[in-house]
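To start, the structure itself, in structure tokens.
Laboratory data are not the source of any read-out in this text; all were calculated from the coordinates shown. Only a predicted model underlies this, so the values are computations on that prediction, with no experimental measurement involved. Every residue, glycine as well, gets a Cβ built from its backbone with ideal geometry; the counts of neighbours run over all protein chains shown.
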Amino acid sequence: MWATLRSRYLHLSAKTLPSSSLTNGSWKLGFSGLNQTFSSSTVERRSNELLSLQEVEKVLSDVRADDVAVVPVGNQCDWADFMVIATGRSQWHVKNIAQALIYKVKQKQKGAKRMVLPSVQGQETGKWIVIDSGRVIVHALDEKARAYYNLENLWTAKPAQKEPVEELTKVFVKVRRINNSKKPAQGSD
Amino acid sequence: MRTVLKVVDNSGAKKVMCIQALKGKKGARLGDTIIASVKEAMPNGKVKKGKVVYGVVVRAAMQRGRCDGSEVRFDDNAVVLVDKQGQPIGTRVFGPVPHELRQKKHVKILTLAEHIA
């Protein structure tokens with residue numbers, strides 16, 4: 001399988017990403033700023049640990065993943081900056097997307113003494129594979145799983161659905177039991 | 001064993017009872033996977049009462065130490081149902097979930113969660 005991947009990389013000419021592959025409106029907003037200020041912004045620097053957004057985009061377009069959506073979640077959650085969601089046409093395709101991303105990371109770190117690989121979850125089944133590379137998290141799903149879990153809905157509608165903080169603080173408060181018996185509560189006199 | 005945990009996803013079950021902790025001789029802690037039996041379920045859900053399911057503990061009343069020395073402890077015991085391969089059965093997770101799930105390779109549950117403690 002690696003031979004076919006390598007041959008694919010050799011044959012590909014430098015492709016610019018077709019803008020028709022962008023489905024998420026918020027992605028366009030974020031990326032147009034990225035192109036100009038990539039070198040100076042500090043947020044994107046941090047995601048260069050294992051995989052950067054541009055590399056992920058390139059790999060996904062090389063593998064011909066369908067319906068790539070990039071959601072900037074930096075303002076909603078503090079453990080990730082970008083979520084990339086891609087669809088595979090079959091389970092084998094989904095596994096292939098994951099393998100291609102890991103191959104890219106290995107290529108990037110070639111020659112280093114110790115290789116840090118991103119953690120992959122769900123590799124045995126081809127239904128939903130998550131690749132956690134620091135600030136960028138890539139989800140590779142097949143079409144049924146994408147419709148079932150509906151991740152874009154969850155992450156793009158997130159700020160509106162946030163629970164008010166007061167309700168959340170009530171969850172951690174211990175509630176004293178109502179004393180319906182005739183005896184007084186223990187410890188009270 | 002025999003701990004009744006609350007189910008915090010929309011898979012249909014309400015309460016499950018732990019029947020086996022998969023790792024650890026002294027029992028499962030926050031972030032571990034357990035085998036559980038569904039004791040109470042919603043009438044039309046994906047799992048029915050009496051089914052044996054796998055689950056990941058997302059909230060535990062026992063404190064768990066973090067690497068910076070702090071400890072995290074919740075007020076209830078809660079679980080998210082998964083299948084044998086680790087895919088969540090439900091599509092949304094309610095309530096807070098801790099960061100420990102990332103270390104334990106449960107990023108899927110983190111992405112479905114609405115609040116991360």
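Observations on the model:
- Extending 7 Å from the Cα toward the beta-carbon at both residue B:83 and residue B:40 defines two label points whose distance is 2.8 nm.
- Efficiency of FRET from Cβ geometry, residue A:58 and residue B:14, R₀ 35 Å, rounded to 0.05: 0.15
- Sites residue B:71 and residue A:79, calculated FRET efficiency, Cβ-Cβ separation with R0 30 Å, nearest 0.05: 0.95
- Annotated for segment B:1-105: lysine pairs at least 8 residues apart or interchain, Cα distance under 12 Å, count 14.
- Simple label model, 7 Å out from Cα along Cβ direction - residue B:91 to residue B:114, nm: 1.5 nm
- Using a Förster distance of 45 Å, the FRET efficiency for residue A:103-residue A:180 (Cβ separation, nearest 0.05): 0.10
- Share, in percent, of DSSP beta bridges within segment A:53-154 that are antiparallel, nearest 5: 65 percent
- Over chain B: Rg over Rh, Cα atoms, Kirkwood Rh: 0.94
- Inter-label distance for residue B:52 and residue A:147, nm, one decimal - labels placed 7 Å from Cα along Cα-to-Cβ: 3.3 nm
- When each of B:58, A:120 is scored by the number of other beta-carbon atoms lying within 10 Å, the sequence from fewest to most is A:120, B:58.
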